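The values are calculated or read from the model by the stated rules, or taken from the named source; none is laboratory data. Keep in mind the model is a prediction, meaning the values are calculated, not measured. Note that each Cβ is placed from the backbone with ideal geometry, even for glycine, and that neighbours are counted across all protein chains shown. What goes into the accessible areas is simple: the full protein's heavy atoms, side chains included, and nothing from ligands, DNA or RNA. Shrake-Rupley method; radii C 1.70, N 1.55, O 1.52, S 1.80 Å.
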Amino acid sequence: MQPGYGERVMGVDIARFGEDSNAVVILEQRSPLYWQMVHAQEWREQDLNFTTGKILEIINDFHVGYTSIDTDGLGSGPFDALTRGRNLEGISGFHNGALSVDRSRDFGNERTKYAYKLKDLISKGHIALNNEKLISELLSLKYKFDAHQRRLLFSKDHMRKEGVKSPNLADSCLYACSMIYSIAERQGRKFEAA
């Protein structure tokens with residue numbers, strides 16, 4: 001690992017009871033342009049108190065600096081408990097809101113945008129993913145075009161109807177990926193000033 005790097009980012013996907021799993025993926029920066037997956041974990045059938053504690057445990061055990069939690073559904077509970085209840089810094093919410101055509105001419109929502117940013121990182125050799133289930137889930141992601149001819153990943157509900165399991169690890173990886181660019185930008189400014 002190059003000196004001055006080593007940031008760890010974690011994406012968290014929170015699941016309901018049933019077939020879905022809660023999932024985390026941790027990426028570590030090894031050099032200015034290279035990231036590597038260092039941990040992936042899933043757990044099922046636990047309440048939000050357990051899940052919030054598990055997230056905190058993983059943050060501490062793996063020395064995670066930045067965490068992005070899916071806040072569109074049940075993730076808002078753990079997010080609130082960690083940011084407001086414990087007043088932790090470095091935790092942000094990932095909201096899969098629609099993107100206006102002014103903000104993106106290519107992607108219909110945030111999840112799709114970061115799926116394609118991750119695809120770009122992979123194709124350029126800037127990220128290494130070493131979990132077969134994660135890779136399989138990423139390969140299961142399919143898209144359609146919206147009314148503005150922008151790519152839009154099929155939702156988890158649509159995937160379930162098609163008989164495809166929920167891509168919990170894949171979504172966690174996308175949430176982690178959402179933080180890479182702001183870290184690289186911040187580091188660029190830091191090293192330019194030095």
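Name the residue that is nearest to TYR5 (Cα to Cα), counting only residues in segment 53-81 that are of a type in the set (A, V, I, L, M) and under 17 Å from the mean Cα position of the chain (by Cα). Per the stated criteria, the residue is VAL64.
Every condition in (1) farther than 22 Å from SER182 by Cα; (2) in contact (Cβ under 8 Å) with a residue 40 or more places away in the chain; (3) open to solvent by 30 Å² or more (accessible area, probe 1.4 Å); (4) within 16 Å of the chain's Cα centre (by Cα) holds for ALA23 except the one numbered (3). Scanning segment 148-168 finds one or more residues that are on the phi > 0 side of the Ramachandran plot and exposed (fewer than 14 other Cβ atoms within 10 Å of the Cβ). Only one of ARG150, ARG111 is under 17 Å from LEU169 (Cα atoms) and in contact with an Asp or Glu (Cβ under 9 Å, 6 or more places away or on another chain); which? Answer to the check: ARG111. For segment 141-178, name all the residues that are under 17 Å from GLY97 (Cα atoms), touching a strand residue (DSSP E or B) at 6+ places or on another chain (Cβ under 8 Å) and without any contact (Cβ under 8 Å) to a residue 24 or more places away in the chain. Scanning segment 141-178 gives LYS144, PHE145, PHE154. Return yes or no: is GLY85 open to solvent by less than 40 Å² (accessible area, probe 1.4 Å) and touching a Ser or Thr at 6+ places or on another chain (Cβ under 9 Å)? No; evaluated as a whole, the condition is false for this residue. So in segment 118-132, with the set limited to residues that are open to solvent by 100 Å² or more (accessible area, probe 1.4 Å) and over 15 Å from the mean Cα position of the chain (by Cα), which one is farthest from ALA170 (Cα to Cα)? Ranking the qualifying residues of segment 118-132, first place goes to LYS124.
Got a sec? Which of LYS156, LYS161 is under 19 Å from the mean Cα position of the chain (by Cα), of a type in the set (Lys, Arg) and at pLDDT below 95? So the residue among LYS156, LYS161 that is under 19 Å from the mean Cα position of the chain (by Cα), of a type in the set (Lys, Arg) and at pLDDT below 95 is LYS156.
Here's the yes/no breakdown for (1) among the basic types (Lys, Arg); (2) closer than 30 Å to TYR143 by Cα; (3) outside any helix (DSSP H, G or I):
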{"site": "ARG30", "(1), (2), (3)": "yes, no, yes"}
{"site": "GLN41", "(1), (2), (3)": "no, yes, yes"}
{"site": "LEU56", "(1), (2), (3)": "no, no, no"}
{"site": "ILE69", "(1), (2), (3)": "no, yes, yes"}
{"site": "PHE79", "(1), (2), (3)": "no, yes, no"}
{"site": "THR83", "(1), (2), (3)": "no, no, no"}
{"site": "ASN96", "(1), (2), (3)": "no, yes, yes"}
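Flag: SER104 does not match the condition of being open to solvent by 30 Å² or more (accessible area, probe 1.4 Å) and not basic (Lys, Arg). Residues of segment 2-21 that are of a type outside the set (A, V, I, L, M, F, W, C) and modelled with pLDDT of 95 or more: ARG8, GLY11, ASP13.
Yes or no: TYR66 at pLDDT 95 or above and open to solvent by 50 Å² or more (accessible area, probe 1.4 Å)? Before you say what the answer is, go through the steps one by one.
Details: at pLDDT 95 or above: yes; open to solvent by 50 Å² or more (accessible area, probe 1.4 Å): yes.
The answer is yes for TYR66.
Considering only segment 129-176, state which residues are assigned to a loop (DSSP other than H, G, I, E, B), in contact with a Leu (Cβ under 9 Å, 6 or more places away or on another chain) and within 28 Å of TYR34 (Cα to Cα). Selection gives LEU129, ASN131, LEU141, LYS142, PRO167.
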